[in-house]
Amino acid sequence: MLDGLDTVDWPRLGHAYGSAGDVPDQIRALRSPDPEVRERALGALYSNIFHQGTRYEASAYAVPFLLELLAHPDTPEPEWVLALLTSLAVGYDESFLPDGVPVAEYRRAAEGGRELLAAKPPPWTGDNEDEKEYVEYLYVESLTEADQNRLWAYVGLATYDAVRAGVPLFRTLLDHPDPGVRVGAAYALAWFPEEAAGSLPALAAVAAPAGGPDGGADGLVREPAEVATAVVAAGLLGAAPEVEMLADPRPLVRWAAAVARARVLGAQADPATVDELLTWTTAASIPSSPPSPTGSVAGSAEAASAGSAAGSAETVSGGVGGRATIEEEMPFLSGDLGGYAGLALRQLGPGHEDRAFDALLVRLSAVTGIEALTVVTEALRLAFPDGPLAGTPAAELPPRQRRLVEVLARSPEAWLFDGSLFGNVASLFTDHGLPGTRQGMLDYLANQPPSPHPAAR
């Protein structure tokens, strides 16, 4: 087990904090009998070889050993190892939703990166941190911006391809005794379109009904999250579920069917798919039954624009928010089902933009933090198709922009992350020529000079 781990020249490889000489012990520690040791090792690996979503030279070298751990039946917490591998492959999945991994583009962007990486000097390996030399950083900074992009694209692609070698293993894990591992395996398969020919039949076996509402075609009893994850993964690989799945009694399966059908069918998607996505975008909790045709979303958006988010929440599924329960949390977009539905609305084409924008405004009035960031990004895309405005008075804004500004001004939680101004959200607004604080937005609507900008988170 892990026999080749010490044959790699880890000190010469770099990670987020310099030399990767500490990585072998961290990988070994994932098999420790002490759960605290395992947890610390996992955290260290995330910090070192997946620091804030960035992959490093050592990342690709670590992958074969992580796959070896995942394949061994005695490895504790295999779902942890699987999640780390998937993160190493694609980073944060919001970068690729709702469309999936554009792997051909990914490969083009990495051209020339191998040579740039080969020219990189080895990291500093001394013992005195006061004398540490950031040779790798200085090398990267010496490159042009275009070459830096090629270098990092290649590092990411090398890690992606290393994880891709584990796709056959992931398919076998669809039948693992632990449902968490089964969900993680279906999620992992979603990101490798070049392996779709082999993955789609395996995912279809998970999603296909047999013997009862929760049984798969393979006879294994499946949790709703497993079926839903397999359906979305298949959609990202190009296979649309049958329309009958939109009437499934399991809410998560209906959500997944709508998301997957939008991904594959696009503007040709049927009204039932559209209605399901609109319902989830504006829903506070998991809808208990398939939606009736939604004529109320536009009215709800008008209520949100008027500052009546609570009233509009009652129109669709009792409220707004749309996050799965802990028991049924989905891996995509960290379980933000309503946010993913809102992204999927984009794939329906311009014919549904008005209804999509209405639904996003309803959602925007009731979300905060990362979930708000998803909605704000999509709403700004629809409201500012031609880019940022420049000095336009609020009274002269086009209708969509005016409505968005009004909802933002009356939605204090949308600006916050853990109670403080969310800098990522504020930056989106200023990038579009809008005030970067809620008070500034209120002043803008009132045609007043902007208030001083407080320190943003």
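The values are calculated or read from the model by the stated rules, or taken from the named source; none is laboratory data. Not measured: the values here are computed from a predicted model. All Cβ positions, glycine included, derive from the backbone under ideal geometry; neighbour counts span all protein chains shown.
Quick check: is even one residue across the stretch 329-338 free of Cβ contacts under 8 Å to residues at least 12 places away in the same chain and acidic (D, E)? I'd like the intermediate steps shown before the answer.
So in the stretch 329-338, the residues free of Cβ contacts under 8 Å to residues at least 12 places away in the same chain come out as none.
No, the stretch 329-338 contains no residue that is free of Cβ contacts under 8 Å to residues at least 12 places away in the same chain and acidic (D, E).
Scanning the stretch 137-149 for any residue that is crowded, with 22+ Cβ neighbours inside 10 Å and in the same structural domain as Y61 (by TED's automatic domain parsing) turns up nothing.
Identification of helices (runs of 4 or more DSSP H) wholly contained in the stretch 349-420 with 3 or more residues that are among the basic types (K, R) and assigned by TED's automatic domain parsing to the domain that holds L442 yields 399-409. The C-beta contact set for the stretch 228-255 (first residue touching a residue at least 12 places away in the same chain (Cβ under 8 Å), second residue polar (S, T, N, Q) and assigned to a helix (DSSP H, G or I), distance under 7 angstrom, 6+ apart or interchain) comprises L237/S199; L246/T273.
A search for C-beta distances below 7 Å between a residue of the stretch 345-366 that is modelled with pLDDT of 95 or more and any residue that is hydrophobic (A, V, I, L, M, F, W, C) and not in a helix (DSSP H, G or I), counting only pairs 6+ apart in sequence or on different chains, returns L348/A269; V362/V320; R363/V320. Determine, yes or no, whether A267 is part of a helix (DSSP H, G or I) and farther than 19 Å from M330 by Cβ. For A267, the condition - part of a helix (DSSP H, G or I) and farther than 19 Å from M330 by Cβ - is met.
Rundown of residues vs (1) crowded, with 17+ Cβ neighbours inside 10 Å; (2) among the aliphatic types (A, V, I, L, M); (3) over 18 Å from T86 (Cα atoms), yes/no style:
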residue	(1), (2), (3)
G113	yes, no, yes
Y160	yes, no, no
V167	yes, yes, no
P177	no, no, yes
W191	yes, no, no
V206	yes, yes, yes
